[in-house]
Amino acid sequence: MQTDRSTLPGTDNSELLTTPKNKTTKRIFIAATRMNDGKTTTSLALFAALRNLTPKVGFIKPVGQRFVEVGGHKVDEDSVLLDRIFDVEVPIEAMSPIAIHSTFTRDFLDDPEENHAVIIDKMCRAFDRAAFEKDYIIVEGTGHAGVGSVFNLSNADVAKRLKAKVIIVASGGIGRPIDEIALNQALFAQAGVEVIGAIINKVKPEKLETIEKYNRIALRRMGIPLLGCIPVEKKLTIPKLSQVVAEVNGRWLNGRLYGATERVEQVIIGAMAAKGLVDLLQRGTLIITPGDREDILLGAIAAEGIAGEKVVSGIILTRNVLPHPRLMEMIYKTRIPVIICKNDSYAVASKINKMTVKTQPSDTDKIPIIKNLVTENIDLDVIRNAFGTENSIGESS
């Protein structure tokens with residue numbers, strides 16, 4: 001039966017809300033010590049684990065910095081991702097109430113007192129809608145605890161206002177993540193927010209045992225339970241060709257329809273003889289080369305024909321140099337994706353090497369991996385105990 005959303009709490013306009021009306025839904029705030037430490041991965045996997053305990057799980061990312069247009073609303077892309085994977089059954093605009101666009105901070109500072117009241121009201125109403133009839137709600141933060149302080153919506157401020165308990169995610173190592181967790185814990189403590197655990201993410205598998213041992217000792221001294229360490233999973237860092245094209249601001253010349261979903265597992269710069277390059281080709285290879293290196297292009301075409309299967313994920317032509325028209329005709333007859341961009345080969349390779357690979361709704365191959373990484377490496381019962389629940393989160397109720 002469809003719920004009449006007009007009856008949801010917080011939908012009247014008679015007063016500005018300063019805190020949510022919802023007092024019963026258990027809320028878990030996922031914070032991180034810095035951007036790209038794994039908040040979304042943790043949120044996604046924890047959402048799946050909670051769904052084993054109860055079907056009534058909500059999600060909200062109160063403050064978002066990367067957004068897309070959905071139904072006329074600016075919606076954070078992580079909210080879109082989670083909704084498309086799980087069908088959260090929450091209005092999408094309620095899952096992403098505040099989008100930080102290019103002039104947001106300046107607009108806020110023009111009249112901070114009035115604007116703060118308005119955005120707090122918007123966030124609280126959205127939370128009440130997202131948490132309506134839910135047993136749990138995942139609240140995903142933005143960056144470290146202090147991000148958003150300029151408009152009084154830091155992670156610590158948001159967690160306090162929503163009365164959420166916090167899990168801090170940090171990346172790899174021993175010294176740096178502990179220092180960063182301590183800094184974040186201090187901000188949450190100052191706001192009166194409880195940190196119920198920490199996760200060390202992206203740990204090299206060969207160092208997992210050592211890092212877990214010493215982080216557990218260090219965090220225990222700080223009064224924070226170590227929920228677990230998550231090893232680096234290479235498959236989660238392999239981008240699709242479409243993501244690479246966006247990163248290098250490229251333009252498709254061939255194979256966009258079938259090439260966008262190709263995975264790029266190896267990058268080769270065409271600065272060698274064609275024979276040497278062909279010897280290195282394997283499935284998932286992306287070749288970066290100027291368009292005038294016709295020997296390399298011919299070698300790639302020949303290798304594809306000899307192998308009888310796809311061995312080239314794509315070719316990026318650099319410096320906006322197109323091959324000879326006859327060679328382009330040959331390329332159009334292949335299924336090799338070809339892209340052109342203005343940068344030189346070194347700049348393109350550097351951008352690809354440094355890019356952050358975000359999980360997308362179409363990454364159906366990655367979702368089971370993400371779920372397993374958390375359920376196999378994180379002590380979910382510590383989270384359960386923080387809320388006094390009876391069933392194990394990782395088990396069906």
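The values are calculated or read from the model by the stated rules, or taken from the named source; none is laboratory data. Please read all numbers here as calculations on a predicted model, not as lab measurements. Positions of Cβ are backbone-derived with ideal geometry, glycine not excepted, and every protein chain shown enters the neighbour counts.
Exactly one of these conditions fails for K21: (1) touching a Cys at 6+ places or on another chain (Cβ under 9 Å); (2) at pLDDT below 90. Give me its number.
For K21, the exception is condition (2).
Scanning for something touching a Phe, Trp or Tyr at 6+ places or on another chain (Cβ under 6 Å) and not in a loop (DSSP other than H, G, I, E, B), does the stretch 190-208 turn up at least one residue? Talk me through it step by step, then tell me what you get.
Restricting attention to the stretch 190-208, the residues satisfying the condition of being touching a Phe, Trp or Tyr at 6+ places or on another chain (Cβ under 6 Å) are 195.
Now narrow it down to the ones that are not in a loop (DSSP other than H, G, I, E, B): 195.
Yes; the residues of the stretch 190-208 include at least one that is touching a Phe, Trp or Tyr at 6+ places or on another chain (Cβ under 6 Å) and not in a loop (DSSP other than H, G, I, E, B).
Looking at the stretch 247-254, can you tell me whether even one residue there is under 17 Å from I296 (Cβ atoms), of a type outside the set (A, V, I, L, M, F, W, C) and modelled with pLDDT of 90 or more? Walk me through it before giving the result.
If we filter the stretch 247-254 for residues that are under 17 Å from I296 (Cβ atoms), which is where we start, we get 253-254.
Now narrow it down to the ones that are of a type outside the set (A, V, I, L, M, F, W, C): 254.
Filter once more, keeping what is modelled with pLDDT of 90 or more: 254.
Yes.
Quick one: I316 ticks every box in (1) in contact with a Cys (Cβ under 7 Å, 6 or more places away or on another chain); (2) free of Cβ contacts under 8 Å to residues at least 60 places away in the same chain; (3) under 16 Å from E265 (Cβ atoms) except a single one, so which number is it?
For I316, the failing item is (2).
Here are the criteria: (1) in contact with a strand residue (DSSP E or B) (Cβ under 8 Å, 6 or more places away or on another chain); (2) surrounded by fewer than 17 Cβ atoms within 10 Å (Cβ to Cβ); (3) closer than 21 Å to M35 by Cα. Tell me which single one S79 does not satisfy.
(2)
For A48, which of the numbered conditions (1) under 30 Å from I174 (Cβ atoms); (2) in contact with a Ser or Thr (Cβ under 7 Å, 6 or more places away or on another chain); (3) of a type outside the set (K, R) fails to hold?
All conditions are met except number (2).
Is the stretch 331-350 home to any residue that is within 22 Å of the chain's Cα centre (by Cα) and surrounded by fewer than 18 Cβ atoms within 10 Å (Cβ to Cβ)? Spell out how you get there, then give the answer.
Of all residues in the stretch 331-350, those within 22 Å of the chain's Cα centre (by Cα) come to 350.
With surrounded by fewer than 18 Cβ atoms within 10 Å (Cβ to Cβ) added as a condition, the list becomes 350.
Yes, the stretch 331-350 has at least one match.
Can you tell me which residue is farthest from D78 (Cα to Cα) among those in the stretch 124-151 that are surrounded by 24 or more Cβ atoms within 10 Å (Cβ to Cβ) and β-branched (V, I, T)?
Only one residue fits best here, namely I137.
If a residue must be in a helix (DSSP H, G or I) and either within 18 Å of L227 (Cα to Cα) or modelled with pLDDT of 95 or more (or both), how many such residues does the stretch 171-185 contain?
Here is the first cut: in the stretch 171-185, the ones in a helix (DSSP H, G or I) are 175-185.
With either within 18 Å of L227 (Cα to Cα) or modelled with pLDDT of 95 or more (or both) added as a condition, the list becomes 175-182, 184-185.
Within the stretch 171-185, residues that are in a helix (DSSP H, G or I) and either within 18 Å of L227 (Cα to Cα) or modelled with pLDDT of 95 or more (or both) number 10.
Any idea which of K240, K202, K207 is surrounded by fewer than 18 Cβ atoms within 10 Å (Cβ to Cβ) and either of a type in the set (K, R) or at negative phi (or both)? Give the steps one after another, and end with the answer.
Working: K240 fails: surrounded by fewer than 18 Cβ atoms within 10 Å (Cβ to Cβ); K202 fails: surrounded by fewer than 18 Cβ atoms within 10 Å (Cβ to Cβ).
Sole residue among the options that is surrounded by fewer than 18 Cβ atoms within 10 Å (Cβ to Cβ) and either of a type in the set (K, R) or at negative phi (or both): K207.
Return yes or no: is P55 surrounded by fewer than 16 Cβ atoms within 10 Å (Cβ to Cβ) and either modelled with pLDDT of 85 or more or not in a loop (DSSP other than H, G, I, E, B) (or both)?
Numbers: surrounded by fewer than 16 Cβ atoms within 10 Å (Cβ to Cβ): yes; either modelled with pLDDT of 85 or more or not in a loop (DSSP other than H, G, I, E, B) (or both): yes.
Yes: the conditions hold for P55.
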